[in-house]
Each structure stands twice: as structure tokens, then as C-alpha cells.
């Protein structure tokens, strides 16, 4: 089997920024979007990295992603804010939100922001290192009120999106980067397998009649099937509960969600920063997290597992390796980007020579 193609991170970044600017984004937001998407691939989340670049460009072309202006401030208290994102680029809004929260969290110990009418925010894990490197713990959650693909536990009609939630937790060494969904798989992975004519290895879907299925094609039937909540058929009440929490944090606290008319592919977002020094102290926080890390990593592994990994260990190692040797893109991504490059008269980067 041939080795997968690798691409220079610097060249992909330059290309992505140029493509977004050619489509109509200003330099600042194009830079934020490009770097966030590439960070998704660097961390191994290849359904939420550059796989989204061509779809984002199409959203700009259709006028369904706002290209200029600022978010509207709906509410602003010392440690709690709400923005109307005006369908501006999601990655730019999240980074702008982190910029707004950092000084407030340093002053008050914690600060939170809810955003409605954001455009799609891509890979949640891509934002966490910004917070942990500055010494904060971060919580980030997202939902898309315009999309339904996950039914409540026991039901057969979709109500939720996969509803991702992420947490960045600093330690004395590698931070914990938790990025999970309230569903057992994602829309992106389901679409990828469906296009490839493949099925999941386990029954992670329900058809429209509520029968368990491995086939992602059930999402495209009429009426459509659904993705199971995290926990599946036996323990999906746990994913259902997590989905409800995320809906309360995003749509509930932002004041706009599934009870309102859908506004197109996008996101409601919640983010919070926590300064450990304002609670039990930074050093005690790190001592507790370091103990947990050691207890888990040194835990006797079960058969066929080399070592217990903490959330983020593999992603951070992959990021270091790909920054050094070039990023590996899923085979479906480069053709989409080459097509977009041709449309705008841009040169798509050549693969690195192995």
C-alpha cells in the first residue's frame, strides 16, 4: 500500500487563507478559520478540519456566511456575555470570544460567553490549547438548531445534532483535551462512510422504524433514520442527558435555539474559562490533575492495549509529528480543495516527497 500523501502545514495554511480571502473573507477572519481547520487535521479530527474548507467556501459564495462586521452584544455583565454572531465565521467568533474572556477570567476567576447565530465552529479540540497554554481550564460546547440527526433515547425522530462538548484541562505536562459528542458518532463520519458505500462496525444508527442498523444510509431515507445517543441501545440515556445539558448551555443561555425558526447551517455556542488560582490555587490544581494523569497512564492495560492514554495524548503527539513531517489529509479532502483552487485560480500545494 502506498504511503499517504503529506502536505506542508505552512503551504496548506497559506493556501487556505488565500482561498478564503478570494471567496470574500477579510484577512483576519480568513486567518482564524484556516488555522483552526488545519489544527483539526493536525490533532487527527479529519472530518472537522480541512474537510470543511470547501463547504465553508460554498457558504460564502451563497451568502449564508457573513463576511464582514462584528458580533452584536446582546448582554454584557462582568463575567457573563451573550453575542449574536450574525452568522459570521465560527472559528473567528470563538477565537474572538476567547480574547474577550481571558482578561475577565483573570479578574473574576471565571467568565462565560454564549453565542447564537454563529456559523459552524469546526473542531472543538482545536481551541483548547489556547486556553491551557495560558493556564486556564476551558469548557466549550456547540449545537446546531437548524439540523436534527439524533433522536432522544427511546425515540425514533431526530431532535438533536451530535452536540459536541470539549474541555481543556491544564497539567504540569500535556494537558487533557477532551472532545466528545452526546451521540455515538458524528454527522461528518456518517456522511463520509455513506459516500464510500461503507457501514459502521457496530449498530450505531436507527432506521426510521427504530430498528438498530450499521448503515449510515438510513440518514438519507424518507423519513430519515437517526444516530444513536452516546451509550447506544443499552445506555443511551447517558448521551441523551448530555445532549440536554449542551442544549441548555448553548440554546438556553444564548436565548436562541431549537424553539426558533432555523437559520441555516451554523451553531449556538457556549464557552467558559476558569482560572485555577481563583479557586483552590494553581499548584494544588496541577497536583490533583498530575496525580490523575499518572494513575491513569500507569494503569495496567487490558489485553491488546499498549498503554492507557489520557484524552489528547494521541492528538498532541500527532500534531507534533505532522508539524514536523507534514500533515496527512484524508483522501477525500485534496480533490475538493484542488477543485476550489482551480475555480479561484490558485495553486494547490504539491504533496511532499517521502
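The values are calculated or read from the model by the stated rules, or taken from the named source; none is laboratory data. Keep in mind it's a predicted model, so treat the numbers as computed, not measured. Here Cβ is always computed from backbone atoms with ideal geometry, including for glycine, and neighbour counts include all displayed protein chains.
Among the candidates 17, 59, 11, single out the residue that is farther than 27 Å from residue 175 by Cα, touching a helix residue (DSSP H, G or I) at 6+ places or on another chain (Cβ under 8 Å), in contact (Cβ under 8 Å) with a residue 12 or more places away in the chain and not in a strand (DSSP E or B).
None of the other options fit; the residue is 17.
Can you confirm whether residue 65 is in contact with a strand residue (DSSP E or B) (Cβ under 8 Å, 6 or more places away or on another chain), free of Cβ contacts under 8 Å to residues at least 60 places away in the same chain and within 23 Å of residue 164 (Cα to Cα)? Can you show your working first?
Numbers: in contact with a strand residue (DSSP E or B) (Cβ under 8 Å, 6 or more places away or on another chain): no; free of Cβ contacts under 8 Å to residues at least 60 places away in the same chain: yes; within 23 Å of residue 164 (Cα to Cα): yes.
So residue 65 does not fit the description; no.
Can you name the residue in region 117-130 that is more than 8 Å from the chain's Cα centre (by Cα) and within 12 Å of residue 88 (Cβ to Cβ) and is also surrounded by the most Cβ atoms within 10 Å (Cβ to Cβ) among such residues?
Ranking the candidates gives 118 first.
Which numbered condition in (1) within 24 Å of residue 346 (Cβ to Cβ); (2) in contact with a strand residue (DSSP E or B) (Cβ under 8 Å, 6 or more places away or on another chain); (3) outside any helix (DSSP H, G or I); (4) at pLDDT 95 or above is the only one that residue 4 fails?
Tallying (1) within 24 Å of residue 346 (Cβ to Cβ); (2) in contact with a strand residue (DSSP E or B) (Cβ under 8 Å, 6 or more places away or on another chain); (3) outside any helix (DSSP H, G or I); (4) at pLDDT 95 or above, residue 4 fails exactly one: (4).
Out of curiosity, is residue 111 assigned to a loop (DSSP other than H, G, I, E, B) and surrounded by 20 or more Cβ atoms within 10 Å (Cβ to Cβ)?
The answer is no for residue 111.
For a quick check of your reading of the model, give me the residue pairs whose first member lies in region 277-298 and is part of a loop (DSSP other than H, G, I, E, B), whose second is surrounded by 14 or more Cβ atoms within 10 Å (Cβ to Cβ), with beta-carbon atoms closer than 6 Å and at least 6 apart or on different chains.
Qualifying pairs under 6 Å: none.
Could you identify the single residue in 69, 155, 90 that is at positive phi and at pLDDT 95 or above?
Only one candidate passes the filter, namely 69.
Residue 342: free of Cβ contacts under 8 Å to residues at least 60 places away in the same chain and out of contact with any helix residue (DSSP H, G or I) (no Cβ under 9 Å at 6 or more places or on another chain), yes or no? Before you say what the answer is, go through the steps one by one.
Numbers: free of Cβ contacts under 8 Å to residues at least 60 places away in the same chain: yes; out of contact with any helix residue (DSSP H, G or I) (no Cβ under 9 Å at 6 or more places or on another chain): yes.
Yes, satisfied.
Kindly provide the set of residues from region 125-139 that are touching a residue at least 40 places away in the same chain (Cβ under 8 Å), out of contact with any strand residue (DSSP E or B) (no Cβ under 8 Å at 6 or more places or on another chain) and in a loop (DSSP other than H, G, I, E, B), ordered by number.
135
When you check residue 183 against the structure, is it surrounded by 15 or more Cβ atoms within 10 Å (Cβ to Cβ), in contact with a helix residue (DSSP H, G or I) (Cβ under 8 Å, 6 or more places away or on another chain), under 19 Å from residue 332 (Cα atoms) and touching a residue at least 24 places away in the same chain (Cβ under 8 Å), yes or no?
Answer is no for this residue.
Criterion first (free of Cβ contacts under 8 Å to residues at least 60 places away in the same chain and assigned to a strand (DSSP E or B)) does residue 82 satisfy it?
So residue 82 does not fit the description; no.
When you go through (1) under 25 Å from the mean Cα position of the chain (by Cα); (2) farther than 30 Å from residue 72 by Cα; (3) at pLDDT below 95 one by one for residue 304, which number turns out not to apply?
In the conditions (1) under 25 Å from the mean Cα position of the chain (by Cα); (2) farther than 30 Å from residue 72 by Cα; (3) at pLDDT below 95, residue 304 misses (1) alone.
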